[in-house]
Amino acid sequence: MYLRELSQAVGVSGDEGAVRDLIVDAIRDHVTDLHIDALGSLTARLAGTGAQPLRIMLDAHMDEVGFMITGVESNGLLRFTAVGGIDDRILPALRVLVGKKQIPGVILWAPIHHNRDQSIKPIKELRIDIGASSKSAAEGKVSLGDRVAFASEYVELSETVVRGKAFDDRVGCSLLIDVLRSGPYPVEVLVSFTVQEEIGLRGAKVAAQRLQPDLAIALEGTTAHDVPNPSADPDDPTRPNPVCVMGGGPALTLMDRSLIAHPRLLAFLRQTAEDVGIPYQYKRALGGGTNAGAIHLANAGVPSAVISIPCRYIHSPHALLSKADYAAALRLIQAALHRLTPDVLQPASA
């Protein structure tokens, strides 16, 4: 598992180079046709052992949510905007890293002793403090357009649970590395480590057009909103279900805002998990989207599905995931690659 190194690397959307370098080092001896496209996505090929192997695209995105510097004020404070979906409620007093040099900073916070206004401040009213006392001092350290990442450390909380940033989608990248290093498989595996998913599934669209796969599976970190809610009655029938549960195995997507999973491919993944004895669950909420939403529309259409790892506190500095879920997802992907045949995509006979 390469999750520690990948989580601690900084790769906010549009500036994923440091993450890509780690991945190239991890896979270069296990693949052919390494290619970096015009947007910065990394693609590669693992040859199949079958006579006429299917071309299977496995995708994971390298980018993480973060911020971008948009201005420097006379007092040395930095204006910034979000890159990707981040909740304004988590921002005050957050520690961040600014630019290539990872300058430490703190997002402004009004101390409780003097803060009678308890409303949530939008990002446009917040600033980043890097300790500079003037505009010239700040401009000597940062530039407009610099990315800003959460300052976070990867920690093993227990034998089964880890904490870190950017599990969406460094967990998918780590899984994909492990899949490549444990090959080959009967099918041809076309991998894409893509850019700019968090701002519109952009890298995957280009990668899928180039790779032209027969089918695709996106590997993702997804929302496990399974924590107790003391203000809600657990027996209230109107209370929404958690999207998925950490520790319940990999989550298979039925539908989200970008995709309806290909029904036969979804059924194949479900049957594979049951045949091999791998725990799995379904995502039970519509929200969000994944790179499969762009991939399945590429070229003449690509049958696509999603395998996700449940992550608590996603899109924050401190997400949690279960190593057991990771291991189960890896087994499911490997088993699927060994069992896939063209028949999977054929309608059942009448």
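The values are calculated or read from the model by the stated rules, or taken from the named source; none is laboratory data. Keep in mind that this is a model prediction, so the values were computed, not measured. A quick note on method: Cβ atoms are made from the backbone with ideal geometry, for glycine too, and the neighbour counts reach across all protein chains shown.
Summary table
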item: In region 166-185, the residues that are in a loop (DSSP other than H, G, I, E, B) and either β-branched (Val, Ile, Thr) or under 14 Å from SER322 (Cα atoms) (or both); result: none
item: Residues (surrounded by 16 or more Cβ atoms within 10 Å (Cβ to Cβ), closer than 10 Å to ASP129 by Cα and touching a helix residue (DSSP H, G or I) at 6+ places or on another chain (Cβ under 9 Å)) located in region 62-106; result: GLY76, LEU77, LEU78, ARG79
item: Enumeration of residues in region 1-29 that are buried (at least 16 other Cβ atoms within 10 Å of the Cβ), more than 26 Å from ALA82 (Cα to Cα) and more than 15 Å from the chain's Cα centre (by Cα); result: ALA26, ILE27
item: Residue check, VAL10 outside the structural domain of ARG331 (by TED's automatic domain parsing) and either touching a residue at least 40 places away in the same chain (Cβ under 8 Å) or small (Gly, Ala, Ser) (or both); result: no
item: Residue tally, condition crowded, with 22+ Cβ neighbours inside 10 Å, part of a strand (DSSP E or B) and of a type in the set (A, V, I, L, M, F, W, C), over region 312-331; result: 2
item: Which listed residue is of a type in the set (Val, Ile, Thr), closer than 22 Å to TYR185 by Cα and in a helix (DSSP H, G or I), from VAL344, VAL306; result: VAL344
item: Test: residue in region 78-91 that is within 26 Å of ALA319 (Cα to Cα) and not assigned by TED's automatic domain parsing to the domain that holds VAL142; result: no
item: Residues located in region 250-269, provided they are surrounded by 15 or more Cβ atoms within 10 Å (Cβ to Cβ) and not aliphatic (A, V, I, L, M); result: PRO250, THR253, ASP256, SER258, HIS262, ARG264, PHE268
item: Breaking point among (1) modelled with pLDDT of 95 or more; (2) touching a helix residue (DSSP H, G or I) at 6+ places or on another chain (Cβ under 8 Å); (3) farther than 19 Å from ARG20 by Cβ; (4) among the hydrophobic types (A, V, I, L, M, F, W, C), for ALA251; result: (2)
item: Enumeration of residues in region 221-235 that are modelled with pLDDT of 65 or more, assigned to a loop (DSSP other than H, G, I, E, B) and of a type outside the set (Gly, Ala, Ser); result: HIS225, ASP226, VAL227, PRO228
item: Test: residue in region 212-220 that is modelled with pLDDT under 90 and surrounded by fewer than 18 Cβ atoms within 10 Å (Cβ to Cβ); result: no
item: Failed criterion for VAL96 (all others in (1) within 23 Å of MET62 (Cα to Cα); (2) touching a Lys or Arg at 6+ places or on another chain (Cβ under 9 Å); (3) among the β-branched types (Val, Ile, Thr) hold); result: (2)
item: Any strands (runs of 3 or more DSSP E) falling wholly within region 1-107 and containing at least 1 residues that are among the acidic types (Asp, Glu); result: 32-36, 55-61
